[in-house]
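Data first, discussion second: the structure below is written as C-alpha cells.
The values are calculated or read from the model by the stated rules, or taken from the named source; none is laboratory data. Bear in mind that the values here come from a model prediction, so they are computed numbers and not experimental data. Virtual Cβ from ideal backbone geometry, glycine too; neighbours counted across all protein chains shown.
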Amino acid sequence: MLNAKQAETLTLVILKDTPVLATRCSVESGAPMSPETINKIRARLLQDLQSPRLRLPARLEAGKALAKMGDPRLLRQTREIKDAASKIFQFIEPDWVDVPEGVFRMGTNPQESLILTISKLKPSPDELPAHDVFISAFKMARYPVTVAEYRCFVDAGGYNNDSYWLNEKGLRWRNAPLPFEESYAAIYIKMLRENQKQLLMDIDGWVKQGAWSPAQAENARRQMQMNDEAIRTQWDDFEAQKRNPDGQVFRPYLWDETSFTLSNQPVVGVTWYEACAYAAWLTEMLHTQKLLDRTMHARLPTEAEWEKIARGGKFGLWAWGSLWNDNRANTLEGRVMKPSPVGAYPGGASRFGVQDMPGNVWEWCSDWYAQGTYPQRAGQQVKNPVGPEQGSRRVLRGGSWSYDRDGARCAYRYSDVPDDFYDDLGFRLVCSPSSPLNSKTLSSESLNPFPA
C-alpha cells in the first residue's frame, strides 16, 4: 500500500529493532530498495549472525534471512569465468586462513582422558596416545563448503567432466550405481547383523544420555527389523535422488530439500568422491583466474591438519576448552536438528579464526581410516602424516547436528565408506603446494603435500 519511498523508509525503521522482519519487507513486498538499503540490511544480519551476545535462535534466524538477501561473505568472494563456448559461469573463492608451520599435540592426552571420565565419556582407543606432530604451513577455508559454492560446481557441469574425477572408483560410482555388494548399504547391513544384539541394548542408554534423539532411536530400530530386500530398496531410493535417468550422478542428495539448501548452509549429501571432484574443479578455476599459484592446489585436509586447526594450539576437549557449551556448536544437544548457516556459532571458532569445526556437519578428510596408528607414532618425529596407503573407510572429523558433543571433540575420530552420503556429511578445503589425490595410491611419497 505504500509507495516506494515510504516502503523503504519503513523498512529502515524496522531494521533498527527487527532485521529479520526488515528482510521480509525487502524480499516479500516487491517494493524496490536502493543498493544502500539492501547493504544495510545485509550488514545488520551478518552482525547479528556473528554476535555471541545474541541468543542462538536469533542468530539462526539472521542466518536464514541473510541467505535470502544474499550473504555478503559469499558475494564478495564470487568470481566469473567464461568457458570455451563463451558461456559465463561463477565460482566462489574460499576465505582462506593462513596456518603457520609448527608442532601440535595430536590425540587425547591423560588430562583430557580424566576430564572425559569425569564427564561420563571415554576416549576411543584409536585416539590414544597423544603424540607430537609437525605440520607445514598451509591455508584452510574459514567455513565448510556451502550450498552456494557447490551450486557453482553443479551449474558449471562439474559432474560431467571426467578430468575432475581423479579417483577411478569415484568415476565408476558417478557413472552408475556400484553393485550392491560393494555399496555402503551392504556394509551397513553387515554392521547391523553383526552388532544388532548389542545395538538394541545400547540404544535406550544413548537416548537417556542425550547422545541420540528418540526419533533417531526409533529409526534405527525400524531399520534393524528391515530385511535385506527392504534395505536394498531404500538404498535404491536414496541413490535415485542423486542420479539422472541414465544413472549418472548429477547433484547431491537432498538437493531439492529447502531446509538443507540455504545458500549459506554447508552442502550435505556428498560423498568423498564428490568432495574431491569439487576440489579439483575449484583448483582449475583458481588457477585459470590467477587467484592461486600453479604450484598450489585446493584439496581435502589430512586428518592431522584438521585437528591442528581445531585445537588451535590449546589444551582442551573442544576448540574452546574442556567445558561443554551448547551455544558454541551445532550438535544434538542444541536440538537444531539440521545444518545451520555457517558462522552462526562464533564462540566455537578455532584460535586461527576457522569456524564450524565442532558440530554442524561431519567433514571428509583425505586419509584412509585406520586403528592402531597412534601407538606407532609415540616417541617418533612425525611430520605431515597422510594416513595409511589403503583402506575401506575415509576419515570424518568434527561431529554434526545429528551427533552429540562427543563427536565434536578435537580428537574424536570417525569414518565412513567413500560412497556414503547423508544429511550431515559435508567437507571443507585446504590449500597447499600439493597435488590432488591420486586414484591408485595413497602413499606418503605420492600424497605428501609438503616439501621435505
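Key figures
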{"item": "Cross-chain or 6+ apart pairs with Cβ under 9 Å, segment 292-311 first and in the same structural domain as Val386 (by TED's automatic domain parsing), then part of a helix (DSSP H, G or I) and modelled with pLDDT under 95", "result": "Thr302/Leu447"}
{"item": "Output for segment 407-423, where each listed residue is buried (at least 21 other Cβ atoms within 10 Å of the Cβ) and either within 13 Å of the chain's Cα centre (by Cα) or not assigned by TED's automatic domain parsing to the domain that holds Thr302 (or both)", "result": "Ala408, Phe421"}
{"item": "So Pro301, is it surrounded by fewer than 21 Cβ atoms within 10 Å (Cβ to Cβ) and either touching an Asp or Glu at 6+ places or on another chain (Cβ under 7 Å) or of a type outside the set (Gly, Ala, Ser) (or both)", "result": "no"}
{"item": "Yes/no for Ile118 being farther than 19 Å from Gly398 by Cβ and at pLDDT below 95", "result": "yes"}
{"item": "Qualifying residue in segment 186-199 (condition: in contact with an Asp or Glu (Cβ under 7 Å, 6 or more places away or on another chain), touching a residue at least 12 places away in the same chain (Cβ under 8 Å) and surrounded by 15 or more Cβ atoms within 10 Å (Cβ to Cβ))", "result": "yes"}
{"item": "Set Ser183, Ser213, Ser163: member being modelled with pLDDT of 85 or more and either out of contact with any strand residue (DSSP E or B) (no Cβ under 7 Å at 6 or more places or on another chain) or outside the structural domain of Thr258 (by TED's automatic domain parsing) (or both)", "result": "Ser163"}
{"item": "Meets criteria (in contact with an Asp or Glu (Cβ under 7 Å, 6 or more places away or on another chain) and over 30 Å from His131 (Cβ atoms)) for Leu291", "result": "yes"}
{"item": "Lone unmet requirement of (1) in contact with a strand residue (DSSP E or B) (Cβ under 6 Å, 6 or more places away or on another chain); (2) under 26 Å from Ala65 (Cβ atoms); (3) modelled with pLDDT under 95 for Arg377", "result": "(2)"}
{"item": "Residue among Pro375, Pro358 that alone is crowded, with 20+ Cβ neighbours inside 10 Å and not basic (Lys, Arg)", "result": "Pro358"}
{"item": "Residue within segment 35-53 that is farther than 30 Å from Arg328 by Cβ, surrounded by fewer than 13 Cβ atoms within 10 Å (Cβ to Cβ), outside the structural domain of Asp326 (by TED's automatic domain parsing) and more than 21 Å from the chain's Cα centre (by Cα) present", "result": "yes"}
{"item": "Any hit, segment 272-288, residues being in a helix (DSSP H, G or I), touching a Leu at 6+ places or on another chain (Cβ under 7 Å) and among the aromatic types (Phe, Trp, Tyr)", "result": "no"}
{"item": "Residue match in segment 203-220 (condition: β-branched (Val, Ile, Thr) and more than 30 Å from Ser350 (Cβ to Cβ))", "result": "yes"}
{"item": "Extreme residue, nearest to Pro346 (Cα to Cα), among residues of segment 25-68 that are of a type in the set (Lys, Arg) and either in contact with a Gly (Cβ under 7 Å, 6 or more places away or on another chain) or at pLDDT below 95 (or both)", "result": "Arg53"}
{"item": "Filter result (more than 26 Å from Ser29 (Cα to Cα) and under 23 Å from the mean Cα position of the chain (by Cα)) within segment 54-75", "result": "Leu56"}
{"item": "Some residue of segment 435-442 being modelled with pLDDT of 95 or more and of a type outside the set (Asp, Glu)", "result": "no"}
{"item": "Selected residue (only one of Ser163, Ser119 is among the small types (Gly, Ala, Ser), surrounded by fewer than 19 Cβ atoms within 10 Å (Cβ to Cβ) and in contact with a helix residue (DSSP H, G or I) (Cβ under 8 Å, 6 or more places away or on another chain))", "result": "Ser163"}
{"item": "Residue ID - surrounded by the fewest Cβ atoms within 10 Å (Cβ to Cβ), chosen from residues in segment 74-94 that are at pLDDT 95 or above and either touching a Pro at 6+ places or on another chain (Cβ under 8 Å) or part of a loop (DSSP other than H, G, I, E, B) (or both)", "result": "Arg76"}
{"item": "Ala280 vs. criteria in contact with a Cys (Cβ under 9 Å, 6 or more places away or on another chain), in the same structural domain as Gly398 (by TED's automatic domain parsing), over 29 Å from Gln209 (Cβ atoms) and of a type in the set (Gly, Ala, Ser)", "result": "no"}
{"item": "Residue within segment 193-205 that is modelled with pLDDT under 80 and either touching a Ser or Thr at 6+ places or on another chain (Cβ under 7 Å) or closer than 19 Å to Leu425 by Cβ (or both) present", "result": "no"}
